[in-house]
Amino acid sequence: MSLAFVLVFALCAVVIVAPVRREPFSVLSFVVAGVIGELPVHAAVVVLAGTVVFATTVSHHGGLWWMALLIGLATTAAYLVLGLVAHDSGRLVSASLDDASGGPIRAEGVDLDPAWTTWWRLVIAIPFRFRRIRRIRNLDYAGDGLYRHTLDVLVRRTDPPVAGPVLVYIHGGAWVIGDKREQGVPMLHELAARGWVCVAVNYRLSPKATWPDHVVDCKQALAWVRDNIAEFGGDPSFLAVSGGSAGGHLAALVALTPNEPEWQPGFEDSETSVDACIPFYGVHDVTGDPEASGAHGTGLAELLQKRVMKTTLEGDRAAFERASPDRRITSAAPPMFVVQGANDTLVPNRVARRFVERLRDVSSAPVAYLELPCTQHAFDILVTIRSRHTTLGAVRFLEGIRSRAIR
């Protein structure tokens, strides 16, 4: 039993370092590495404790005893090394912003120590809301009473913001699941504690919704924010957008297609441009191009064609191309900080690499790219060593871009 215990954790460590990218095992790799891989110190403590208990309670020191002991100690060491890799994310974040096209992105005069410092948040890992953050829930941005057409505004309770910069966050979930309450919480709390006004957006989900309903809703939410955020202490003169996975896709697409009438039915004259964008592990290509999202396998193509787009690539290739951020890049693209995990099995890193390459070839704005080793999809949902560093990187990027805009 003890040998099986350490073997399971050892196998998980192998999957974290060398994930299986073939479907359906790619999803299993994501589940394993997305949780255990983001809590390597927790895993090391569990494995070491289990190994010690086994070693001290079993009196017969046979071959299996020695095997379990050695595997347990080796696995503990492997997770501690993964913890060091996660800690090194801070250096990689700084390097990516230093190496941004257009010159280093600095946040002069901004305190880059985290707003929260209590150790128990890292131990618990669950992103409980800061007590000093006020969340104003379920504001109707479309005026139709639908829950999917609501957003939440997050501001700090004490010293509430006055003309604070604004970040709009779009949740992920493969365009079919997810909610504004669930994702991006560490980053939203950090920014709100610093005086930003943060907005978490819902949008209609497939299969009930059909593309482009999703992006239309996000643009309508942006239009609402520009018109109404001053009531909550926000200043729409600096408005950034972010999101993860499908939310990263929508955030990038919104940033690259400002004021597009096709996707603003009934509010064509509303201003939907943004000043900066941070897509996390976004699906930047939905055409199945072998150089990019062809690496996903057949699962994404089937999902998009059957449940989201509700048409085939052969039947309406133009719609898929219009829905791909890496096909919508122009010289007017806003500054972007693209964040990607090297071991992501749902959105492979070559998707982000090609997107960044095309951005840097065309865009006149700064582009920073962060690729994190041994990192899976949705790594930033929990409060972890790695998400702490990427959150502070987002702070530096946004404050740096804002300071340029002010000048």
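The values are calculated or read from the model by the stated rules, or taken from the named source; none is laboratory data. Just so we're clear, the structure is a prediction, and the values are computed from it rather than from any experiment. So basically every Cβ, Gly included, is an ideal-geometry build from the backbone, and we count neighbours across all protein chains shown. The area values use the complete protein model at the heavy-atom level, side chains included, leaving out ligands, DNA and RNA. Shrake-Rupley method; radii C 1.70, N 1.55, O 1.52, S 1.80 Å.
What ranking, highest mean first, results for peptides 207-219, 336-348 when packing means the other Cβ atoms within 10 Å averaged over each residue?
The densest-packed peptide leads the list: 336-348, 207-219.
Given 25 °C and 0.890 mPa s, how large is the Stokes-Einstein diffusion coefficient of the stretch 86-131 in µm²/s, with Rh as the Kirkwood radius over Cα pairs?
Using the Kirkwood radius from Cα pairs, D works out to 186 µm²/s.
When the Cα atoms of the stretch 261-407 are enclosed in a convex hull and the volume is divided per residue, what value in Å³ results?
141
For the stretch 144-266, what is one quarter of the convex hull surface built on the Cα atoms, given in nm²?
Convex hull of Cα atoms, orientation-averaged projection: 7.3 nm².
Using only the alpha-carbon atoms, how far is helix 40-57 inclined from the longest principal axis of the chain? Give it as 0 to 90 degrees, nearest 10.
Roughly 20 degrees between the two axes.
Work out, step by step, the length gained on full extension between D227 and D99: first 0.36 nm times the residue separation, then minus their alpha carbon distance; give nm to one decimal.
42.5 nm
Run the quick spin-label model on S403 and I124: label points 7 Å from Cα toward the beta carbon, then report their separation in nm to one decimal.
According to this spin-label approximation, the distance is 3.3 nm.
Probe 1.4 Å, all protein chains in place: accessible area of I385 in Å², nearest 10?
Number for this one is 50 Å².
What fraction of the Cα pairs in the stretch 224-309, stated in percent, has a spacing above 15 angstrom?
Distances greater than 15 Å cover 67 percent of the Cα pairs.
How do the peptides 39-50, 226-237 rank, highest first, by the average count of neighbouring beta carbon atoms within 10 Å per residue?
Order by mean packing, descending: 39-50, 226-237.
In the stretch 1-102, which trypsin sites (Lys or Arg not before Pro) are in a loop and have at most 10 other Cβ atoms within 10 Å, using DSSP for the loop call?
Sparse-neighbourhood loop trypsin sites (Lys or Arg not before Pro): R22.
Given +1 on the Cβ of Lys and Arg, -1 on the Cβ of Asp and Glu, and no further charges, what dipole in debye does the stretch 314-407 carry about its Cα centre, rounded to the nearest 20?
Rounded to the nearest 20 debye, it is 360 debye.
Please say if the stretch 355-407 is rounded, prolate or oblate, where rounded means a/c under 1.5 for a ≥ b ≥ c the square roots of the C-alpha gyration tensor eigenvalues, and otherwise the choice is prolate for a/b larger than b/c and oblate otherwise?
oblate
For the stretch 1-110, what is one quarter of the convex hull surface built on the Cα atoms, given in nm²?
Its average projected convex-hull area is 10.0 nm².
Working from Cα positions, state the angle (0 to 90°, nearest 10) between the long axis of helix 246-256 and the longest principal axis of the chain.
Long axis of 246-256 versus the principal axis of the chain: about 30 degrees.
How far is it, in nm, from the label point at L84 to the one at A49 when both lie 7 Å from their Cα along the line to the Cβ?
Going from the L84 label point to the A49 one covers 2.4 nm.
Hey, what D do you get for the chain in µm²/s if you plug the Kirkwood alpha-carbon radius into Stokes-Einstein at 20 °C and 1.002 mPa s?
For these conditions, the coefficient is 98 µm²/s.
Mind grabbing the accessible area of R328 for me, 1.4 Å probe, Å², rounded to tens?
50
Taking the Cβ of S324 as the center, what net charge do the other residues with Cβ under 11 Å away carry, scoring Lys and Arg +1 and Asp and Glu -1?
Neighbour charge sum, excluding S324 itself: +2.
Based only on Cα atoms, what mean projected area does the convex hull of the stretch 78-159 have, in nm²?
That works out to 9.8 nm², a quarter of the Cα hull's surface.
Round to the nearest 0.05 the FRET efficiency obtained for E357 and E321 when R0 = 22 Å and r is the Cβ-Cβ distance.
0.80
Quote to one decimal, in nm, the extra length available between V176 and S364 on full extension: 0.36 nm per residue of separation minus the C-alpha distance between them.
The V176-S364 span can extend by a further 64.3 nm.
Calculate, in nm to one decimal, what R91 and V17 gain on full extension: separation in residues at 0.36 nm each, minus their alpha carbon distance.
Going from the current span to full extension adds 24.7 nm.
Measure nothing fancy, just the Cα-based angle from helix 25-35's long axis to the longest principal axis of the chain, in degrees from 0 to 90, nearest 10.
Approximately 90 degrees, to the nearest ten.
Please sort 106-113, 188-195 by packing, taking for each peptide the average over its residues of neighbouring beta carbons within 10 angstrom, highest first.
188-195, 106-113
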